[in-house]
Amino acid sequence: AQLINMGDGGSELEYKLVVLGAGGVGKSALTIRLVTENFLEEYDPTIEDSYRKSMIIDEQNALLDILDTAGQEEFSSMQDQWMREGKGFLLVYTITSRATFDELLQLYEKIQRAKEGEKVPIVLVGNKCDLVNQRDVPEEDGNELAAQWGCPFFETSAKERINHERCFVECVREIRRIGENGPIGGSTGKKRCTIL
Ligand code: GDP
Ligand code: MG
């Protein structure tokens, strides 16, 4: 996270989040819902854009800089760039498609490789949980994968506003938590070593 001087004595930490997952899982819908409070009905798989939103999280200002990704070309230089620059990652599947869940395994490996073994702040997100009768991934499978990765997990609905803010908030908390305890992401490094 990066410290931004607000010029009024206050300051706001910036958090670079990256939203990842297969096409059509609701990455854009979740992002747009958070930033504008609207539900994105139409589906354009090609738009990749970043959005900013100010929030107060645990009584601390946070400026979320969210990259809503599109397209997962294997060797895109874009992908390398955002993997390097991203501080927190939302890995999104839709509970209506097993394939989108399975695809996250590869993405996860890729992030781990890019970050060279550093602990990476991640949140696992099972979107479209409003579509209960089209469910293809049991909630238990999400829980299990998150336990394996050691990260938070939420089933969300961008449409019905279920956990749609929570997943982003927890990603910021993960960045703060891991940044404070480990070598990455700490805003100042102040808490990095404790002398007893
Ligand atoms: P992306 O490719 O991951 O960015 O997917 P989009 O955000 O564009 O969503 C793909 C389609 O799924 C769109 O038609 C959205 O309206 C729809 N969608 C996204 N989130 C939800 C959700 O939580 N529930 C339902 N029922 N539909 C959703
Ligand atoms: Mg999209």
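The values are calculated or read from the model by the stated rules, or taken from the named source; none is laboratory data. Here the structure is a predicted model, which is why all the values come from computation and not from measurement. Here the Cβ positions follow ideal geometry from the backbone for every residue, glycine too, while neighbour counts run over all protein chains shown.
For region 7-114, the helices (runs of 4 or more DSSP H) that sit wholly inside it and include 2 or more residues that are under 20 Å from residue 137 (Cα atoms) and away from ligand 2 (no atom under 16 Å from the Cβ) are 98-114.
Table: residues versus (1) surrounded by 18 or more Cβ atoms within 10 Å (Cβ to Cβ); (2) under 23 Å from residue 33 (Cβ atoms); (3) within 16 Å of the chain's Cα centre (by Cα); (4) at pLDDT 95 or above.
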| site | (1), (2), (3), (4) |
| --- | --- |
| 132 | no, yes, no, yes |
| 147 | no, no, no, yes |
| 154 | yes, yes, yes, yes |
| 178 | yes, no, yes, no |
| 181 | no, no, no, no |
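Looking across region 33-81 at every residue that is in contact (Cβ under 8 Å) with a residue 40 or more places away in the chain, within 11 Å of ligand 1 (Cβ to nearest atom) and closer than 24 Å to residue 108 by Cα, the one that is surrounded by the fewest Cβ atoms within 10 Å (Cβ to Cβ) is identified as 71.
Test residue 159 against the stated conditions and say whether it is modelled with pLDDT under 95, surrounded by 13 or more Cβ atoms within 10 Å (Cβ to Cβ), not in a strand (DSSP E or B) and not aliphatic (A, V, I, L, M). For residue 159, the condition - modelled with pLDDT under 95, surrounded by 13 or more Cβ atoms within 10 Å (Cβ to Cβ), not in a strand (DSSP E or B) and not aliphatic (A, V, I, L, M) - is not met. Kindly indicate the residue of region 90-110 that is aromatic (Phe, Trp, Tyr) and either surrounded by fewer than 20 Cβ atoms within 10 Å (Cβ to Cβ) or within 14 Å of ligand 1 (Cβ to nearest atom) (or both) and also farthest from residue 166 (Cα to Cα) among those meeting that condition. Here the residue is 101. Taking the criterion of being in contact (Cβ under 8 Å) with a residue 40 or more places away in the chain and hydrophobic (A, V, I, L, M, F, W, C), the residues of region 146-167 that qualify are 149, 158, 167.
A single entry from 79, 112, 106 fulfils the requirement of being under 26 Å from residue 146 (Cα atoms) and modelled with pLDDT under 90: 79. Number of residues in region 86-110 that are aliphatic (A, V, I, L, M) and touching a Phe, Trp or Tyr at 6+ places or on another chain (Cβ under 6 Å): the value is 1.
Out of region 127-154, which residues are more than 10 Å from ligand 1 (Cβ to nearest atom) and in a strand (DSSP E or B)? The answer is 153, 154.
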